[in-house]
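Worksheet: one structure, shown below.
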Amino acid sequence: MRKRLSMILIGAVLLCTSLPVSAEEFEKTDETAKEAEDQRKEDSNNTSQIEPDNTPEEVPGDPSKKDSIVLPEEPSKSDDTIQTEEPENKEESGGTEEPEETGESKDTPDVSCSESDDEVKKETKEMEYKAALEAKHYDLGSDTIEVRMKSGNTEFVYTGFQIKPEVEVVYHAAAEDLEKTEGRTEENEKLIAPECYKIEYLNNVKTGEASIVLTGKDGADQESAQTEEKEADRKEDTYTGTKTLKFKITPADIKKCKLQAAKTVDYTGKQVKPKVTLSYQGKNLVLGKDYKAAYSNNKKMGTAAIRINGIGNFKGSRTVKFQIKFGTPVVKTTSSYSKINLKWKKVAAASGYVVYRSTSPKGKFKKIYTCKSGSKVSYSDKKANFGKTYYYKVRAYRNVKVKVKKKTKTKQEYSAWSAAVSENRKLGVVTIKSAKCSAETKAKVIWKKEAGAQGYEIYKSEAKEGKYVYAGKVKGAGKVSYTAKKLKPGVAYYFKVRAFRKSGSKTYYGGLSAVKKETFSDGQKLYTLFPGGVPTTKAEMEQYLVTITVPIKDAEGMPGTMQLRVHRALEKKFMKAFQEMYAVGFPVRAEDTDTYNWRSMASGRNRSHHSYGCVVDLNWNSNPMIGVTEGKYKPGIDPYSITPQVVAIWKKQGFYWGGNWKSTKDYMHFTYTNH
């Protein structure tokens, strides 16, 4: 019993020692203590089954307990301390059993444990934590770091795009580290996570040597990593340095490229070089950069070839063949009321052409004309009926000499049929000669007569690219003019005309003419100033007038200003003209200069255009209207007389000078409407 108790005490001593132990040693000690505890419980159970001696021993010093039996006390347990007490001598215990001969001392020393199992475990965890704080540093540039391709390949075929092979980075422990880890595999080799380094690919598109440069996430060197050390309690592993892995991009095989080339081409009498299109990975190859093309047997009729050799990013070669054949005509048609016209492109080596016609695109085509000249490339079908659609094909032929029974004969060799084209006799397109304003709300349109027309329709629009609406029509082949009415005053209209003809119950139309814009005479320019109609009263005119202040000078050069009332649409033109006269020093007298004046003409027949704010009379005492006003026109003598320089100023702004009129000269008069 005492031997077993000693084993328990030895375990307790090991547990309570203050020397630091490793995690492995602690686990071994803990297992030993558990075994000792299990043995103690087993012995206790065995002891409880032994019947006690009927003769009790006498306990010295306590006469009152002579009849009691004293058994060893169970050691008390608490959360913090495990205590085991042993009687001081054999007599106190009342036992008569002698200790077994084991070579050990009979006296068992007192053992006191000041720490619990929890404290030991806590201390062990702290030691592990301190060890964990010692973060490792990985230098990607060192020999302990291996960078390798995931696929194991070091050569890749050119794709036309960036090639980015996947890599993996592995840490291999150095020799001194292997001694510390006692050769454990999990610590000898470690796969470094991708987030611990950065990857840069260089020269990874074109053929040749490419590179993968890996840099530790903490910088290219250890010093930079230390400057960025984190302030957290637990330090992280650092990754610095760089490592470069090379790989090769090899040329792609030209045979892998998609090729497009004509299978047949027309004979021209010269070398023919049909276009070749090569594409790879969705991108077209460039001749001279990615490949070379050599043509052979490409002049005469027969089989020719193109030899394609890859260069640059491509390798290998391939050959594509094509046929040079007798050419096929390409036909175009036009028509008028009286005929259908065919025209085609000349075919090399042709001796002539044959024209075929049908009333259905899939019907039987009959020969209607044979042209015995290889240089004639047109035909007009005048027998086609008006309003009916016809289909045409043309093919070329050449005269070839052949030997038949030792005799030389000539036979015709024909080209392929041209594509079918359709056409019908129809009215031609009208040509408009003029579209002129004839009154404030009217315009007269005149056009050329169109063959076969029985009448014409006229369309109008307020904008050239706007919507054209029906304006009216005229009947009769000889009717070639139309007057559009109820037009908006001052708006320049655009017109189109087309011819029409009835055949049976159907009406056939020619094409619409080109656009023709309405024009205004000088006098009719007044209409453009009044889109709502020319005012008929002074009150109506007021809404169009503005008052401007213009600069003027006198003959001595003294500056001044004067006010004028003008049409608001011409405000800027009047202002610029007066500013330029002021700049060149032409003198203006305010007392005999005026613009707006609601009145009739001097003849009294019509209203003067002074009434519309589009006219100015300058210095009328020095610039008379011959036969109407007094005074003499003396340019160069009278400084207030109109000079050629002043005429040019007003002409630039769109005004006409009355001094240029062929009838009555009006030297003072500048008018926007030439009225």
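For residues that are of a type outside the set (S, T, Y), surrounded by 15 or more Cβ atoms within 10 Å (Cβ to Cβ) and touching a Pro at 6+ places or on another chain (Cβ under 7 Å), tally how many sit in the range 526-575.
Looking only at that region, the number is 5.
Go through (1) within 26 Å of S503 (Cβ to Cβ); (2) crowded, with 19+ Cβ neighbours inside 10 Å; (3) among the small types (G, A, S) one by one and return the number of the condition G363 breaks.
Status for G363: all satisfied but (2).
Residue-by-condition table, conditions (1) part of a strand (DSSP E or B); (2) under 17 Å from T673 (Cβ atoms); (3) without any contact (Cβ under 8 Å) to a residue 60 or more places away in the chain; (4) among the acidic types (D, E):
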{"site": "V546", "(1), (2), (3), (4)": "yes, no, yes, no"}
{"site": "I552", "(1), (2), (3), (4)": "yes, no, yes, no"}
{"site": "A555", "(1), (2), (3), (4)": "no, no, no, no"}
{"site": "M562", "(1), (2), (3), (4)": "yes, no, yes, no"}
{"site": "A569", "(1), (2), (3), (4)": "no, yes, yes, no"}
{"site": "E580", "(1), (2), (3), (4)": "no, no, no, yes"}
{"site": "N597", "(1), (2), (3), (4)": "no, yes, yes, no"}
{"site": "V616", "(1), (2), (3), (4)": "yes, yes, yes, no"}
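Taking only the range 185-214 into account, find how many residues are open to solvent by 20 Å² or more (accessible area, probe 1.4 Å), more than 12 Å from K246 (Cβ to Cβ) and among the aliphatic types (A, V, I, L, M).
4
Given the criteria surrounded by 19 or more Cβ atoms within 10 Å (Cβ to Cβ) and within 52 Å of the chain's Cα centre (by Cα), does F520 qualify?
In short, no.
Being over 17 Å from D218 (Cβ atoms) and crowded, with 16+ Cβ neighbours inside 10 Å is the filter; apply it to the range 164-173 and report the residue that is modelled with the lowest pLDDT.
Only one residue fits best here, namely A173.
Which residues, counting only those in the range 319-339, are open to solvent by 60 Å² or more (accessible area, probe 1.4 Å) and part of a strand (DSSP E or B)?
Result: T319, K321, Q323, K325, K332, T334.
Count, please, the residues in the range 237-286 that happen to be of a type in the set (K, R), under 30 Å from D139 (Cα atoms) and under 36 Å from the mean Cα position of the chain (by Cα).
2
Quick one: in the range 465-515, of everything that is of a type in the set (A, V, I, L, M) and part of a strand (DSSP E or B), which residue is nearest to K339 (Cα to Cα)? Write out each step before concluding.
The initial filter retains those residues of the range 465-515 that are of a type in the set (A, V, I, L, M), namely 469, 471, 474, 477, 480, 484, 487, 491-492, 497, 499, 512, 514-515.
Applying the additional criterion that residues be part of a strand (DSSP E or B) yields 469, 471, 474, 484, 497, 499.
On the way: V469: 31, A471: 31, V474: 25, A484: 33, V497: 22, A499: 17 Å.
Once the filter is applied, the top-ranked residue is A499.
Within the range 388-405, take every residue that is in contact (Cβ under 8 Å) with a residue 24 or more places away in the chain and either open to solvent by less than 40 Å² (accessible area, probe 1.4 Å) or small (G, A, S) (or both) and give me the one that is farthest from N341 (Cα to Cα).
Y397
Residue check, G312 against (1) within 36 Å of the chain's Cα centre (by Cα); (2) in contact (Cβ under 8 Å) with a residue 24 or more places away in the chain; (3) part of a strand (DSSP E or B), all met but one. Which one?
(3)
What pairs come out if I take residues in the range 477-493 that are of a type in the set (V, I, T) and pair them with residues that are modelled with pLDDT of 95 or more and open to solvent by less than 50 Å² (accessible area, probe 1.4 Å) whose C-beta lies under 7 Å away, six or more apart or interchain?
V480/W447
Test I308 against the criterion of being at pLDDT 95 or above and surrounded by 19 or more Cβ atoms within 10 Å (Cβ to Cβ), and give yes or no.
Yes, satisfied.
Output the residue which, of all residues in the range 106-158 that are aromatic (F, W, Y) and at pLDDT 65 or above, is nearest to P194 (Cα to Cα). Please lay out each step first, then the result.
Taking the range 106-158 and keeping what is aromatic (F, W, Y), we get 129, 138, 156, 158.
So of that shortlist, the ones also at pLDDT 65 or above come out as 138, 156, 158.
On the way: Y138: 14, F156: 22, Y158: 26 Å.
Top of the filtered list is Y138.
Residues checked against (1) under 26 Å from T537 (Cα atoms); (2) buried (at least 19 other Cβ atoms within 10 Å of the Cβ):
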| residue | (1), (2) |
| --- | --- |
| T595 | yes, yes |
| M601 | yes, no |
| L618 | yes, yes |
| S622 | no, yes |
| G627 | no, no |
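Just give me the residues in the range 141-166 being β-branched (V, I, T) and more than 26 Å from T238 (Cβ to Cβ), in sequence order.
Correct list: T154, V157, T159, I163.
Answer yes if at least one residue in the range 646-662 is open to solvent by 80 Å² or more (accessible area, probe 1.4 Å) and over 60 Å from the mean Cα position of the chain (by Cα), and no otherwise.
yes
G428 - would you say it is open to solvent by less than 50 Å² (accessible area, probe 1.4 Å), small (G, A, S) and either closer than 30 Å to P535 by Cβ or in a strand (DSSP E or B) (or both)?
no
Results for (1) out of contact with any strand residue (DSSP E or B) (no Cβ under 9 Å at 6 or more places or on another chain); (2) open to solvent by 20 Å² or more (accessible area, probe 1.4 Å), shown as yes or no for each residue.
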residue	(1), (2)
A471	no, yes
T483	no, yes
G490	yes, no
V497	no, no
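Can you find even one residue in the range 444-464 that is under 23 Å from T536 (Cα atoms), of a type outside the set (A, V, I, L, M) and surrounded by fewer than 19 Cβ atoms within 10 Å (Cβ to Cβ)? Spell out the reasoning first.
Here is the first cut: in the range 444-464, the residues under 23 Å from T536 (Cα atoms) are none.
No, the range 444-464 contains no residue that is under 23 Å from T536 (Cα atoms), of a type outside the set (A, V, I, L, M) and surrounded by fewer than 19 Cβ atoms within 10 Å (Cβ to Cβ).
In the set K460, K411, which member is assigned to a strand (DSSP E or B) and more than 25 Å from F530 (Cβ to Cβ)?
K411
For the range 263-294, which positions are touching a strand residue (DSSP E or B) at 6+ places or on another chain (Cβ under 6 Å) and either part of a loop (DSSP other than H, G, I, E, B) or open to solvent by 60 Å² or more (accessible area, probe 1.4 Å) (or both)?
If the condition is that a residue be touching a strand residue (DSSP E or B) at 6+ places or on another chain (Cβ under 6 Å) and either part of a loop (DSSP other than H, G, I, E, B) or open to solvent by 60 Å² or more (accessible area, probe 1.4 Å) (or both), then K263, T264, Y267, V272, K273, P274, L285, D290, K292 are the ones that fit.
The values are calculated or read from the model by the stated rules, or taken from the named source; none is laboratory data. Bear in mind that the values here come from a model prediction, so they are computed numbers and not experimental data. All Cβ positions, glycine included, derive from the backbone under ideal geometry; neighbour counts span all protein chains shown. To get the accessible areas, we keep the full protein, side chains included, count just its heavy atoms, and leave off ligands, DNA and RNA. Shrake-Rupley method; radii C 1.70, N 1.55, O 1.52, S 1.80 Å.
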